[in-house]
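Asks: Here's a structure for you.
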Amino acid sequence: MKAKATLSVFWAGLLAAAALVSALPSQAQPQAPETLTGTLAKVRETGAITIGYRESSVPFSFLNARKEPIGYSIELCRALVTAIEDAVNKSLTIKWTPVTSDSRIDAVESGAVDLECGSTTNNLERQKRVSFSPTIFVSGTKVLVKKGSPIKSFRDLAGKRVAVTAGTTNEKTLRELSQKFKLGINLLVARDHADSFGLVKSGQADAFATDDVLLYGLIARDAAKAEYEVVGDYLSYDPYGIMYRKGDAQLRKVINDSFQVLAEDGEIERQYKRWFLRKLPTGESINLPMSAQLEAIIQTMAVKAE
């Protein structure tokens, strides 16, 4: 009888414990994963993420000798891919797709690429079509010329042949300046930055107007500091961001949270030093210290939202 009573007590206790577990608040139990939507659902299903890269946006996104995408923006995007993998609980294959200044926004908007990792200015006009990550760089339009050129400012561009890259804010800036100041600039529109630079090299253009950091990057890539210089005041303000599809709330949270972590642990600063202060694969360095403005942006980014 005693053994039966002991056994009854054992089973009663076990059932009570089970009842207690089932009655625990829901937060004490494993949570079901949030239903994925947008890009996160797409990459979870396909096992791949497509990154749009630039072929000659040095040092942000360009090709090395093996024709592989490398650069500051590329490394930040690789960090984003890792965060996206954590969010969808799945390893992802990266599919690399080249884009140009003219094709990049369409590529993001249409879903041809999931992230565009280049040197793209975030402005109100573009925000109507796509979304942007927090700012990763701040630049502005300047002018590249051959050393010895009489061109020293935008007013000296009157009647000159000026190369610009199709689909850039720089193209728009030069058109507006030419019209406003009646400069009669002859704009030569090229496919990409390397092509625009090529027009100056060949003598077909007197100058090339684009973001100053890209001009310094092209000069460094070609080890051509003795032949070319960047002149004039800034003609525009261009904060760069990584593009992704508009209205994708889940991806936006992953990207914003990731950048907060990257800023807080110093990874953005480390990547900046790697690509702007150290030698590029060509052996040259852009040697462009981080601006006080970008430093402030990164410091603000590192603060966790309450």
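The values are calculated or read from the model by the stated rules, or taken from the named source; none is laboratory data. What you see is a predicted model, and the numbers here were worked out from it, not measured in a lab. Reconstructed Cβ throughout: ideal geometry from the backbone, glycine too, with neighbour counts over all protein chains shown.
Asks: Quick one: would you say LEU76 is in contact (Cβ under 8 Å) with a residue 24 or more places away in the chain, farther than 30 Å from ALA224 by Cβ and in the same structural domain as SER119 (by TED's automatic domain parsing)?
Replies: Against the criterion (in contact (Cβ under 8 Å) with a residue 24 or more places away in the chain, farther than 30 Å from ALA224 by Cβ and in the same structural domain as SER119 (by TED's automatic domain parsing)), LEU76 does not qualify.
Asks: Looking only at residues in the stretch 54-105 that are of a type in the set (S, T, N, Q) and part of a loop (DSSP other than H, G, I, E, B), which one is farthest from ASP212 (Cα to Cα)?
Replies: ASN89
Asks: On to the next question. Just for the stretch 166-205: of the residues that are small (Gly, Ala, Ser), in a loop (DSSP other than H, G, I, E, B) and surrounded by fewer than 21 Cβ atoms within 10 Å (Cβ to Cβ), which one is nearest to the chain's Cα centre (by Cα)?
Replies: So, considering only residues that are small (Gly, Ala, Ser), in a loop (DSSP other than H, G, I, E, B) and surrounded by fewer than 21 Cβ atoms within 10 Å (Cβ to Cβ), the one nearest to the chain's Cα centre (by Cα) is GLY167.
Asks: Return the residues of the stretch 206-226 that are in a helix (DSSP H, G or I), among the charged types (D, E, K, R) and modelled with pLDDT of 95 or more; say none if nothing qualifies.
Replies: ASP212 - this is the single residue of the stretch 206-226 that is in a helix (DSSP H, G or I), among the charged types (D, E, K, R) and modelled with pLDDT of 95 or more.
Asks: Report, ordered by the first and then the second residue, all pairs with beta carbons closer than 9 Å, sequence separation of six or more or different chains, a first member in the stretch 221-233 that is on the phi > 0 side of the Ramachandran plot, and a second member that is part of a loop (DSSP other than H, G, I, E, B) and among the β-branched types (Val, Ile, Thr).
Replies: Sorted first by the residue in the stretch 221-233, then by its partner, the pairs are ALA223/THR282; GLY232/ILE151.
Asks: Scanning for something crowded, with 21+ Cβ neighbours inside 10 Å, within 27 Å of ASN256 (Cα to Cα), of a type in the set (Val, Ile, Thr) and touching a Pro at 6+ places or on another chain (Cβ under 7 Å), does the stretch 118-130 turn up at least one residue?
Replies: Taking every residue of the stretch 118-130 in turn, at least one turns out to be crowded, with 21+ Cβ neighbours inside 10 Å, within 27 Å of ASN256 (Cα to Cα), of a type in the set (Val, Ile, Thr) and touching a Pro at 6+ places or on another chain (Cβ under 7 Å).
Let's see how each residue does on (1) within 14 Å of the chain's Cα centre (by Cα); (2) within 15 Å of ILE51 (Cβ to Cβ); (3) at pLDDT 95 or above:
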| site | (1), (2), (3) |
| --- | --- |
| ALA79 | yes, yes, yes |
| GLU85 | no, yes, yes |
| ASN89 | no, no, yes |
| ILE94 | no, yes, yes |
| VAL99 | yes, yes, yes |
| GLU109 | no, no, yes |
| VAL113 | yes, yes, yes |
| CYS117 | yes, yes, yes |
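Asks: Return the residues of the stretch 117-142 that are in a strand (DSSP E or B) and either closer than 27 Å to VAL230 by Cα or in the same structural domain as ALA207 (by TED's automatic domain parsing) (or both); say none if nothing qualifies.
Replies: Matches in the stretch 117-142: CYS117, GLY118, SER119, THR120, THR121, PHE137, VAL138, SER139, THR141, LYS142.
Asks: Between a first residue in the stretch 80-104 that is touching a residue at least 40 places away in the same chain (Cβ under 8 Å) and under 18 Å from LEU251 (Cβ atoms) and a second residue that is in a helix (DSSP H, G or I) and among the acidic types (Asp, Glu), which pairs have beta carbons less than 7 Å apart while being 6 or more apart in sequence or on different chains?
Replies: Going by the 7 Å Cβ cut-off, the qualifying pairs are SER91/GLU85; LEU92/GLU85.
Asks: Output the qualifying pairs, or none if there are none: Cβ atoms under 9 angstrom, residues six or more apart or on different chains, first residue in the stretch 180-203 and in the same structural domain as ASP102 (by TED's automatic domain parsing) and within 17 Å of PHE62 (Cβ to Cβ), second residue crowded, with 16+ Cβ neighbours inside 10 Å and not basic (Lys, Arg).
Replies: Pairs that qualify, where the first residue is in the same structural domain as ASP102 (by TED's automatic domain parsing) and within 17 Å of PHE62 (Cβ to Cβ) and the partner is crowded, with 16+ Cβ neighbours inside 10 Å and not basic (Lys, Arg): there are none.
Asks: Tell me, please, whether a residue that is in a loop (DSSP other than H, G, I, E, B), at pLDDT 95 or above and of a type in the set (Gly, Ala, Ser) can be found in the stretch 227-244.
Replies: No, the conditions are met nowhere in the stretch 227-244.
Asks: Which of the residues belonging to the stretch 206-220 are hydrophobic (A, V, I, L, M, F, W, C) and either surrounded by fewer than 22 Cβ atoms within 10 Å (Cβ to Cβ) or more than 20 Å from PRO150 (Cβ to Cβ) (or both)?
Replies: VAL213, LEU214, LEU218, ILE219, ALA220
Listed here are the residues, each with its yes/no results for (1) in contact with a Ser or Thr (Cβ under 8 Å, 6 or more places away or on another chain); (2) touching a residue at least 60 places away in the same chain (Cβ under 8 Å); (3) of a type in the set (D, E, K, R); (4) assigned to a loop (DSSP other than H, G, I, E, B).
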position	(1), (2), (3), (4)
LEU262	no, yes, no, no
ARG270	no, no, yes, no
LYS273	no, no, yes, no
LEU280	no, yes, no, yes
GLU284	no, yes, yes, yes
LEU294	yes, yes, no, no
GLN299	no, no, no, no
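Asks: Which numbered condition in (1) at positive phi; (2) without any contact (Cβ under 8 Å) to a residue 24 or more places away in the chain is the only one that GLY159 fails?
Replies: Failed condition: (2).
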